[in-house]
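Trainee: Please see the structure below; I have some questions.
The values are calculated or read from the model by the stated rules, or taken from the named source; none is laboratory data. Here the structure is a predicted model, which is why all the values come from computation and not from measurement. Every residue, glycine as well, gets a Cβ built from its backbone with ideal geometry; the counts of neighbours run over all protein chains shown.
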């Protein structure tokens, strides 16, 4: 018998638990302590690897200050396993970036932040070798100092 992956609904509920937990500023250990389980169990709930029972779901919702229903409300037009914007908030540091962006009031600064993040996201990672050794130096040329190129 083939092992099947986690159910998409369990993954969606786990993702929403993670988003609400991060929004509350709780670590996995903090949430685990509030609901009476080990932090590894919270990791399994958030990944969808383990289903959350009804009584535990009630404790999680209470610890996060939300209703149980909020853990089950998918986007009305998307399937639970799609890459919706809400799902993207579960990415590490995404909520931090969004909160900082929301505190920025100047529209020009907001556009600059968006352009910066987009430009960084689209650039291929530079290898150490290409950064340390920019290429051959032709005869009679000197390498510029790093401080001269940064000025």
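Matching residues to (1) in contact (Cβ under 8 Å) with a residue 60 or more places away in the chain; (2) within 18 Å of residue 68 (Cα to Cα):
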| site | (1), (2) |
| --- | --- |
| 7 | no, no |
| 17 | no, yes |
| 20 | no, yes |
| 23 | yes, yes |
| 34 | no, yes |
| 39 | no, no |
| 44 | no, no |
| 52 | no, yes |
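Trainee: Something else about it: Quick one: which of 105, 78, 44 is at pLDDT 90 or above and closer than 24 Å to residue 4 by Cβ?
Mentor: 44
Trainee: Evaluate region 123-142: report whether one residue or more is modelled with pLDDT under 55, part of a loop (DSSP other than H, G, I, E, B) and surrounded by 10 or more Cβ atoms within 10 Å (Cβ to Cβ).
Mentor: Looking for residues that are modelled with pLDDT under 55, part of a loop (DSSP other than H, G, I, E, B) and surrounded by 10 or more Cβ atoms within 10 Å (Cβ to Cβ), one finds at least one in region 123-142, hence yes.
Trainee: List every residue pair whose Cβ atoms sit under 6 Å apart, with the two residues 6 or more apart in sequence or on different chains, where the first one lies in region 94-105 and is at negative phi and touching a residue at least 24 places away in the same chain (Cβ under 8 Å) and the second, anywhere, is surrounded by 12 or more Cβ atoms within 10 Å (Cβ to Cβ) and part of a helix (DSSP H, G or I).
Mentor: Filtered contacts from region 94-105: 95/22.
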